[in-house]
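Below is one structure, written out as structure tokens; comments come after it.
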Amino acid sequence: MDDNRVPLLEVINLKKHFDKSTGLFSKKKKILTAVDGINFHIYKGETFGLVGESGCGKSTTGRTIVKLYEPTDGQILFDGVDLATISAKNMFPYRRKIQMIFQDPYASLNGRMTVTDIIAEGIDTHNIFAGHENPKQAKQEKIYELLESVGLKREHASRYPHEFSGGQRQRIGIARALAVDPDLIICDEPISALDVSIQAQVVNMLQDFQKEKGLTYLFIAHDLSMVKHISDRIGVMYLGHMMEVSSSDDLYATPLHPYTKALLSSIPVPDPDSDIKGSRIVLQGDVRSPINPKPGCRFASRCRYAFTEVTSSDGSFNDSLVGKFAFEKIVDPNSGDLIILQGIEITALVAEKLTNAKFESVKITRERCFNETPELVEIKEEHYAACHFIKEINNLK
Amino acid sequence: MSKKDFRFVKKESNLDLEQARVSLTYWQDVWRRLKKNKMAMFGLLIVASIVLFAIFGPLFTDFDYKDQELLLRNLPPKLEVYEVEDNVFIHRTEAYNLIEFNEEGYVVDLLEQVTIDEANKIYYYSYIKEFEYLLVEGGAFPLPAGVTLDAEAFYSEVWGIALINVLADDGDNQVIIHYVHPNSPFLSGNQTNGTVADTIEGLVVDQFVFTDDISNPDLADNYTIKSDRTALFMILDMEKTLPPNTEGIRVLKGKLSHIKIFSEDILILDFGLRGLDSSEKPEGYEDVEYIITYKGKETTKITDTFSNKTYPWGTDFLGRDVLTRVMYGARISLLVALIATLVNFLIGITYGSISGFFGGSVDNIMMRIVDIINSIPLVLYVILLMVVLREFVIDVEIFGKNRVIFNGADGFTTIIIALGSVYWTGMARLVRGQVLSLKEQEYVLAARTIGVSNRKIIYRHLIPNALGPIIVSMTMMIPSAVFTEAFLSFIGIGVSAPQASWGTLANEALGGITRYTYQLVYPSLAIAITMLGFNFLGDGLRDALDPRLRKG
């Protein structure tokens, strides 16, 4: 790969918090940290995939970059200009350069407008053909050209969105994004609502446009195999934090972060004899609430590396366990009584119970994982991960 | 099947199946769905009829909403009549006014009270009977041979009558019958110059005096014949006076169009038996309360009941036609409702969309204002407005004429202002809710990504998509405004007399609710049908605009 590639978009410590406080008199503020300080950059002409499970802040990131949301903190450097602090008026020219393709082809087109009106909206707003001798005709020609390039017909121009199938609608959405000749397109799960056969068509079309027009994509998705197919580089998000950023090939070949490992192991393999079932990492527990999160690694509560085991052979539980936190819910195997819940501090009484229940080992949390937020650091060349024990886990030097 | 049966098609060939269906816009689709809904079409029919009734109805009546005839007050739509003579029907009102109807049910005349004998409870009425002789043109009563007339005489071949102009003692021109043809349709028997003693349709006629106002050429063809002794009037409508013929006689030929003869008689209404116990009444009169005597013939029973044709819905307490007033009432009620709804529509949409679109504290403050406005009782508000606006009269000089463009004293404008300034809160809330949900739609986000201005997003994306519920709400708001207007007018703070709104009509009818129920029934029915129609239409529209909301 080129060493002197220029980043088109640089996202530095981007934060987007939503105030979810309800009522006038609630004392405690509820802050939903949808995106909490993420860093990544996208080079010109490449596709950057952003993956993660539902609610991890992928879409919020995309929408914050196009300033649909005002960022709470951080910088969005587009061509060297910080869009995060720019005024709405100065943002206007950049609206033409950054476009977005939306997830739901049924919701993303205004049902009261014809296809022509939908596509022409950007052209009209930015007065693209202002200097043209016949702007009306030029606009109409451009619309026909766009429709044909996305695989629709001229006669579709006067129709309404409800007369099209999902795939055709998504093509109209793409034509709308392309109408203003953007540099960067944020594809917010553009294929997840489509049939598998249509998905491939749309993705291939997007790739064709990229080659043809030199577009840069931020491709948000949760379909890992599709992301692998389309992306040059991939960022993995979990609960508003960036867990790992790497080139696509590197990420899929050698995932470093425990979350990425779990995520990739969930990709189904179309081979019934595969031993994938044995190597699949099933995550325990639920995603933590993003409202007023505690410090520490966001993934720690579900991470299978975020604990150490204390065995009874080390001595009595009392000495080694009291004051530590239980990593998981512990139930007395004999009586079935609950001894301690996940994440609760172990008291002397609990330790005694554990001893009485004749536990041989107890999992306690690694304090660093729960107290200190890991930074995204470069582990290998162009491969970043945010985990305190990344080297330990991957047996790196 | 072998491989030969198949052939390769070119990759580029168009295998797409084109849909042949006509491209329908959203509103065409709505209309199609609405047409399927029978209830809604019924509602639409009702609404259309009422609107037509309000617009064109008043053009077809002979009355104005403020025309009043006190003697014809409280006439019911169904008449109970006494047939005092063949085809002479007399209706007695509660106030002892006697009204003559013809057999079709039209008002012919109002009988004038001549004498009132309060002590014996006997009223005397003058009954003027009208005879009309329509003439066949060219009626053949030529002047018989041997009859010579003065050169001054006019002779009508149609009537077989000769008239001469004489100058009376008082200087007026009088026309005197000079000669009557023996076969003349209204005269037979002996006659002498100026004096005729004969019978016309059973009337004894002593003398005809034709008074002719020669100074007025337009009236010259009207002749009134007056007989002093027996009340008799006669009107001759003649056309032109022809020049003298060769014999020096001026002859009117076939142009006398008709003759009306009125005769006056006395009709006696005796209600002395009213209120008496049946045992006290004379024999044969046990069930009788009223006795009407005409030409010696007593009528004691109501002989017939038929529909009032002159006043199909009767008259009110001032003798105004209820039908006409309900029509004018429809105008006022619908106009108030329509204007109030339009005002609400404009204010509500603007306010609601701003509040919903900008959200946050803007929304919070704007909605609290709505809450405050909503908490003012409407009745109190209207009364206050009435008091304040009563003093206000704005007149503007337009084309040199002073025109009153606002008059606070008439309740019409006040009620529109009151409804318009209070009702929009519901619409504002609705639009706000719609906008709040719609602004998160991806097509709005797409527009914002492109950089479309807020104003354009509101009126190109948000309002068109919220229009369905807005229209439904407007259709529902019209009957509600009609009802509120009716209610305010009913309690006396709406439009003021003599203007008629349905509420005013109902209010006026309330005084006679037991005896003259029809006065309340018709306006109430109008209100009910209007509300029903609009509600049916609104329900249908809601289903048509948003099929997902369809009930059941």
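What does the structure give for B:471-483 when I average, per residue, the other chain Cβ atoms found within 10 Å of the residue Cβ?
Per residue, the average neighbour count from other chains is 0.
In chain A, the DSSP-assigned H stretches of four residues or longer account for a calculated mean residue ellipticity at 222 nm of -9000 deg cm²/dmol, using -39500 (n - 2.57) per stretch and the full residue count as denominator. Short to long, the 5 Å bins of the Cα pair-distance histogram for region A:307-365 hold 4, 22, 36, 28, 9, 0 percent of all pairs. Counting beta carbons within 10 Å around each of A:Asp286, A:Asp195 and listing the fewest first gives the order A:Asp286, A:Asp195. For B:Lys3, the lysines whose Cα comes closer than 22 Å to its Cα, not counting residues fewer than 8 places off in the same chain, are B:Lys11.
Apply the membrane-span-like helix rule to chain A: whole DSSP H runs, Cα extent along the own long axis of at least 20 Å, mean Kyte-Doolittle hydropathy at least -0.5. List the helices found.
A:196-213
Put +1 on the Cβ of each Lys and Arg and -1 on the Cβ of each Asp and Glu in region B:404-487; which of B:Thr484, B:Val444, B:Gly426 then has its Cα farthest toward the positive end of the dipole? After comparing all options, I get B:Val444. Taking each of A:Lys97/B:Lys456; A:Lys28/A:Lys89; A:Lys27/A:Lys67; A:Lys27/A:Lys363; A:Lys27/A:Lys294 in turn, the alpha-carbon distance tops 27 angstrom for A:Lys28/A:Lys89; A:Lys27/A:Lys67; A:Lys27/A:Lys363. Note on A:111-124: average number of Cβ atoms from other chains within 10 Å of each residue's Cβ is 3. Of the residues A:Lys28, A:Lys380, the one with the fewest other Cβ atoms within 10 Å heads the list, and the complete ranking is A:Lys28, A:Lys380. Each of A:Lys27, A:Lys16, A:Lys97 has some number of other Cβ atoms within 10 Å of its Cβ, and from fewest to most they run A:Lys27, A:Lys97, A:Lys16.
Here, each number is a calculation from the coordinates, and none is a lab measurement. Given the structure is predicted, the values throughout are model-derived calculations rather than measurements. Cβ: placed from backbone, ideal geometry, glycine included. Neighbour counts: every protein chain shown.
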